[in-house]
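The values are calculated or read from the model by the stated rules, or taken from the named source; none is laboratory data. None of the values given here were measured: they were computed from a predicted structure. Positions of Cβ are backbone-derived with ideal geometry, glycine not excepted, and every protein chain shown enters the neighbour counts.
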Number of protein chains: 2
Amino acid sequence: MTAELKLIARLARMATHPAARRLSDDAAHLDGMVLTHDSIAEGVHYRADDPPESVGWKLAAVNLSDLAAKGATPAGALLSLTLAPPQEGALEGEWEERFLNGLDAACESYGLPLLGGDTIALPAGAPRVLGLTAIGRAGSHSPTRDGAMAGDELWVVGTLGDAMAGLSLLVEDRDAEGALVDIYRRPVPQLAAGEALAPAAHAMMDISDGLLLDTARLAQASGVHARIDLGALPLSAAFRSARGEDRTARLFAATGGDDYALLAAFPPGKARELRKFLPPKSIFTRVGKLSDGEGLSLEHDGEQIPLPEHLGHEHRAS
Amino acid sequence: MTAELKLIARLARMATHPAARRLSDDAAHLDGMVLTHDSIAEGVHYRADDPPESVGWKLAAVNLSDLAAKGATPAGALLSLTLAPPQEGALEGEWEERFLNGLDAACESYGLPLLGGDTIALPAGAPRVLGLTAIGRAGSHSPTRDGAMAGDELWVVGTLGDAMAGLSLLVEDRDAEGALVDIYRRPVPQLAAGEALAPAAHAMMDISDGLLLDTARLAQASGVHARIDLGALPLSAAFRSARGEDRTARLFAATGGDDYALLAAFPPGKARELRKFLPPKSIFTRVGKLSDGEGLSLEHDGEQIPLPEHLGHEHRAS
């Protein structure tokens, strides 16, 4: 067992309160509130030369995406901000001010008021660690990842692979621009769709680490088998024009991560009725189905194909 | 203006929601909940060779102390945990597991259930940054630091200077032991006292950075002058036997920080009536009074004495 898994097991033993749901979910539930916290570290979740505005936007977006997956309405946030000694040529606090501009833009866009938090100094040379607690008001039903049932259909809100395709462009050329780079830098949390789908979803979660990895997690938590049809994947026009839509491109989109789309399980036929409650232009796609059993399988053009070695993206220090 | 003050001003411009109270307080208020977040960094708020159990306990205690100052009852916490590559001779995850043991002990002691959070990897060599969001249920009245009035009396729950006296012993000898070291390592948040005093307090806050500095903040926020009587300071028997009780010792106790005592302002005569609602053996002491004007003054043995150069402890990277 890795050190990280051991620690997570230790945390689960601490989290005996029913509201913690044994830490099996991305958010906690307390007195009608949904609570989530995500942290990001320089050199692990973002690169030191990423635009600070983008880092601020993404920190808000990843937390908002967790609220979206519960169908919750944003109510407030607490920020954990570090103030690091500046890199050569930069003014002290300049990076942080640009970071706050990006965070503020996302909070304004999605109605997440900043309520408090903490600002601490860091020793010289320390990578920044930034955290946000987002609080939402729960709707009539807050779906978890463990409620899906055999027979359910698996649906996705949003498109897949855009952010990773954008990151690939940036790795080749730090000055790359365009729709894919924009989606990587400014992911859009699916708040309105999450609110619309939550009441009817047997299970729902956001796809932050890749469709295949997150589907495998949903299937494991729910005790069912999941089958994904690669041919059904929602791909944007920008993605198709950059990477095509053959099997290689589809596997890239299914394992990339950073999508912040929503993955949800519905009883057969239910999802079609829900389409009218989604925001206009929402991309809402059936990508697979659940059955008795366990694990994950993959099909394309009507034939079963082997699972890729890596189902998705797990953040590691680089 | 320092970079930190500029950033705090930038944050205050973002925090326009009434629940944020313009970030002037240590906690936010939302739907009957009190929310606070504190982060600590290795090399700034604790030493790399501090016992990890003590670091975990203190992270819980500083957040619980913020809830105590609002008279709130602990309801839950979200932890931001970093997993750092181990130092030479240590096993990966060993520090973190011992840290969690200390955190768990404090959470158990004060009824703060762990509900969720995030565990992230850090790059090699990065100092740890640990954060906790604590959520409490508000009582009938949540005092802030800006409600004190001229004529109020200033009272303290707890004793002052013990933690800093304990730290001094540890700086001299890393193996020092005893009551003062215990208080430094395992501060006690005054939750029951906070609940008892909150309904009648015009203003209340915890003393985390030293009595004089925190009193100056309360006076500034409330728009009044504060006068502290050094002779009235609550000093423990352990403190007096280690450092005496002359003016030097009293100034040390009044400026040390890390006390996690409560400071509260009451209308004249009110505090005495409240004593019977405090937990048995609570140390509840009148230390000063408020009047029209601004700023802070200090008296001892009936004469006014000059303010020390440093009113308290502000955390800086070492």
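Does region B:115-122 include one or more residues that are assigned to a strand (DSSP E or B), acidic (Asp, Glu), touching a residue at least 12 places away in the same chain (Cβ under 8 Å) and crowded, with 18+ Cβ neighbours inside 10 Å? There is at least one residue in region B:115-122 that is assigned to a strand (DSSP E or B), acidic (Asp, Glu), touching a residue at least 12 places away in the same chain (Cβ under 8 Å) and crowded, with 18+ Cβ neighbours inside 10 Å.
The set of residues from region A:98-107 being more than 7 Å from chain B (Cβ to nearest Cβ) and surrounded by fewer than 22 Cβ atoms within 10 Å (Cβ to Cβ) comprises A:ARG98, A:ASN101, A:ALA105.
Only a single criterion out of (1) in the same structural domain as A:PHE252 (by TED's automatic domain parsing); (2) crowded, with 24+ Cβ neighbours inside 10 Å; (3) not acidic (Asp, Glu) is not satisfied by A:LEU167, namely (2). If you go through region A:3-25 and keep only what is part of a loop (DSSP other than H, G, I, E, B) and more than 8 Å from chain B (Cβ to nearest Cβ), you end up with just A:SER24. If I go through region A:123-144 residue by residue, how many of them are within 26 Å of B:HIS17 (Cα to Cα) and assigned to a loop (DSSP other than H, G, I, E, B)? Residues flagged as within 26 Å of B:HIS17 (Cα to Cα) and assigned to a loop (DSSP other than H, G, I, E, B) within region A:123-144 amount to 4.
With respect to the conditions (1) in contact with a Gly (Cβ under 9 Å, 6 or more places away or on another chain); (2) under 28 Å from B:ASP292 (Cβ atoms); (3) surrounded by fewer than 24 Cβ atoms within 10 Å (Cβ to Cβ), B:ALA261 lacks only one, and its number is (3). Considering every residue within region A:115-127, establish whether at least one is outside the structural domain of A:PRO268 (by TED's automatic domain parsing), at pLDDT below 95, under 30 Å from A:GLU177 (Cβ atoms) and not hydrophobic (A, V, I, L, M, F, W, C). Looking for residues that are outside the structural domain of A:PRO268 (by TED's automatic domain parsing), at pLDDT below 95, under 30 Å from A:GLU177 (Cβ atoms) and not hydrophobic (A, V, I, L, M, F, W, C), one finds at least one in region A:115-127, hence yes. In region A:196-276, counting only helices (runs of 4 or more DSSP H) that sit wholly within it, the ones holding 3 or more residues that are under 28 Å from A:ALA165 (Cα atoms) span A:211-222, A:237-243, A:247-255. On inspection, B:ALA60 qualifies as more than 8 Å from every other protein chain (Cβ to nearest Cβ), crowded, with 24+ Cβ neighbours inside 10 Å and in a helix (DSSP H, G or I).
For B:SER39, the criteria (1) facing chain A (nearest Cβ under 8 Å); (2) modelled with pLDDT under 90; (3) within 18 Å of the chain's Cα centre (by Cα) hold in every case but one, which is (2). Quick one: would you say A:ALA163 is small (Gly, Ala, Ser) and either in contact with a Leu (Cβ under 7 Å, 6 or more places away or on another chain) or farther than 30 Å from A:ALA232 by Cα (or both)? So A:ALA163 does not fit the description; no.
Among the residues of region B:145-170, those identified as touching a residue at least 60 places away in the same chain (Cβ under 8 Å), assigned to a helix (DSSP H, G or I) and among the aliphatic types (A, V, I, L, M) are B:ALA163, B:MET164, B:ALA165, B:LEU167, B:LEU169.
Selection within region A:291-306: residues that are at pLDDT 95 or above and part of a loop (DSSP other than H, G, I, E, B). The member of this set that is surrounded by the fewest Cβ atoms within 10 Å (Cβ to Cβ) is A:PRO306. Filtering region B:9-30 to residues that are in contact (Cβ under 8 Å) with a residue 40 or more places away in the chain and of a type in the set (A, V, I, L, M) leaves only B:ALA27. Quick one: is A:SER208 in the same structural domain as A:VAL157 (by TED's automatic domain parsing), at pLDDT below 95 and either buried (at least 20 other Cβ atoms within 10 Å of the Cβ) or more than 19 Å from A:HIS313 (Cα to Cα) (or both)? Criteria met by A:SER208. Please find, within region A:43-53, the residue that is nearest to A:GLY131 (Cα to Cα) out of those that are in contact with a strand residue (DSSP E or B) (Cβ under 8 Å, 6 or more places away or on another chain) and more than 8 Å from chain B (Cβ to nearest Cβ). Applying the filter and picking the extreme gives A:TYR46. Annotation note: of A:SER142, A:SER109, the sole residue that is in contact (Cβ under 8 Å) with a residue 40 or more places away in the chain, of a type in the set (Ser, Thr, Tyr) and not assigned by TED's automatic domain parsing to the domain that holds A:ALA261 is A:SER142.
Taken together, A:GLY288, A:GLY312 contain a single residue that is in a loop (DSSP other than H, G, I, E, B), surrounded by 17 or more Cβ atoms within 10 Å (Cβ to Cβ) and within 22 Å of the chain's Cα centre (by Cα), which is A:GLY312. In the set (1) over 17 Å from the mean Cα position of the chain (by Cα); (2) free of Cβ contacts under 8 Å to residues at least 40 places away in the same chain; (3) surrounded by fewer than 19 Cβ atoms within 10 Å (Cβ to Cβ), the condition left unmet by A:ARG174 is number (2).
B:ALA77 meets each of the listed conditions (1) out of contact with any Cys (no Cβ under 9 Å at 6 or more places or on another chain); (2) at pLDDT 95 or above apart from (1). Considering only residues in region A:64-97 that are outside any loop (DSSP other than H, G, I, E, B), buried (at least 19 other Cβ atoms within 10 Å of the Cβ) and charged (D, E, K, R), the one that is nearest to the other protein chains (Cβ to nearest Cβ) turns out to be A:GLU96. So, in region A:108-146, of the ones that are within 17 Å of the chain's Cα centre (by Cα) and at the interface with chain B (Cβ under 7 Å from one of its Cβ atoms), which residue ends up farthest from B:LEU115 (Cα to Cα)? Selected residue: A:GLY131.
A single entry from B:LEU218, B:LEU296, B:LEU290, B:LEU262 fulfils the requirement of being more than 16 Å from B:ALA150 (Cβ to Cβ) and either without any contact (Cβ under 8 Å) to a residue 12 or more places away in the chain or of a type in the set (A, V, I, L, M, F, W, C) (or both): B:LEU262. Looking at the structure I just gave you, is B:ALA232 over 19 Å from the mean Cα position of the chain (by Cα) and small (Gly, Ala, Ser)? Yes, satisfied.
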